[in-house]
Amino acid sequence: MTAARPTLPRRTARAAALLALPLTALSILALPSAAAAQGLMSKGGNQPLTINADDGIEWQREEKKYTARGNAKATRDGATLYADLLTAYYREKTRDQGQEQGQDIFRVDADGHVRIAANGQEAHGDKAVYYVDKAVFVLVGKHLTLTSNQGILTARDSLEYWENRRLAVARGDATVVQQNQRLRADVLTAHVADPNDPKRKAEKAKTDRAKTADTKAGKKPGGPEGANLPQGAGEIEKIDAFGNVHISLQNAIIRGDNGVYLPAKGVATICGNVRVTSGKNQLNGKCAEVNLKTGIYRLTGRATGLVQPRQKDR
């Protein structure tokens, strides 16, 4: 026989249903600005997860899961996950070595019109899965997009965030766009800096002091000018680009096999079958160094080129 599946009345379901469970980590996907994002289920906390749903919340004991339907919304620690359907799977937790008995959520699924919002950032997709044990969040579907004040990230196949490795991954025609510049590759991986690293804290404090001094002096705040992918004092230490790398500048297009971008310097290095196209001019080489702040690029190592002479006006 199937266990009873109690459904809350609509009026009760529309109210905030507090599930006071010892949930583990679920960090919001955060490329380009992962360090600024709040966790939906923050590691080490026992704060309750608040769930709202228009069409009821079910507790299915036999399958050990909670299901929220109809404009479902889960909120915790300043971040919110929206979907047509939310499903949280749990394990029974026995009293052991001082641990409280209860339920331990190990996976959260979101289906239909998925949107994740935190600190001015929004991620969109059709479906999302968070694997709590591995601390991995995966967003899939059509029109995968992450929007923040640093830029817009899109992908065709998936957007992932590996919390323990501080690694964000965009797969399938992955593209980061800001202002007039664009970085595209088959796969983009962003290595997120540890915000608690003493050296990084000191660098950030120095940058903040310089910006404050510039503001008081009536100057434009210091830091990278123009478009960076992404910009900032280094929340992301490095972006690796794999396969069919393509950088669009105002004055040129650079293509290659693989690349590395350092946000703090605003410099990308592209290697492997490098081709630089500017108007009718074509340069080929082993590697190219591209400054995304200035738009200046140079080929390193052996290089060849075809430069068309400018035609005179008749």
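Going by the conditions given, is Asp111 in contact with a strand residue (DSSP E or B) (Cβ under 7 Å, 6 or more places away or on another chain), over 18 Å from Leu85 (Cα atoms) and either modelled with pLDDT of 85 or more or not small (Gly, Ala, Ser) (or both)?
No.
Mind listing whichever residues of the stretch 133-177 are among the charged types (D, E, K, R) and outside any strand (DSSP E or B)?
Once the filter is applied, which keeps residues that are among the charged types (D, E, K, R) and outside any strand (DSSP E or B), the stretch 133-177 yields Asp133, Lys134, Lys142, Arg156, Asp157, Glu163, Arg165, Arg166.
Search the stretch 204-258 for residues being among the β-branched types (Val, Ile, Thr) and modelled with pLDDT of 80 or more, and hand back the single one that is surrounded by the most Cβ atoms within 10 Å (Cβ to Cβ).
It comes out as Val245.
Take the conditions under 28 Å from His191 (Cα atoms) and at pLDDT below 85 and apply them to Gly285. Does it pass?
Considered against the rule, which asks whether it is under 28 Å from His191 (Cα atoms) and at pLDDT below 85, Gly285 comes out as no.
Taking only the stretch 71-107 into account, find how many residues are touching a Gly at 6+ places or on another chain (Cβ under 7 Å) and modelled with pLDDT of 90 or more.
The total comes to 3.
When both residues are 6+ apart or on different chains and their Cβ atoms are under 6 Å apart, which pairs have a first residue that lies in the stretch 137-159 and is closer than 21 Å to Gly243 by Cβ and at pLDDT 90 or above, and a second that is of a type outside the set (Lys, Arg) and not in a strand (DSSP E or B)?
The qualifying pairs are Leu159/Leu29.
Give me the pairs: first residue in the stretch 273-287 and within 16 Å of Gly259 (Cβ to Cβ), second residue surrounded by 15 or more Cβ atoms within 10 Å (Cβ to Cβ) and among the aromatic types (Phe, Trp, Tyr), beta-carbon distance under 7 Å, and six or more apart or on different chains, which are they?
Sorted first by the residue in the stretch 273-287, then by its partner, the pairs are Val276/Tyr297.
The values are calculated or read from the model by the stated rules, or taken from the named source; none is laboratory data. Treat the numbers as computed from the prediction; the structure is a model and nothing was measured. Positions of Cβ are generated from backbone atoms using ideal geometry, with glycine treated the same way; all protein chains shown enter the neighbour counts.
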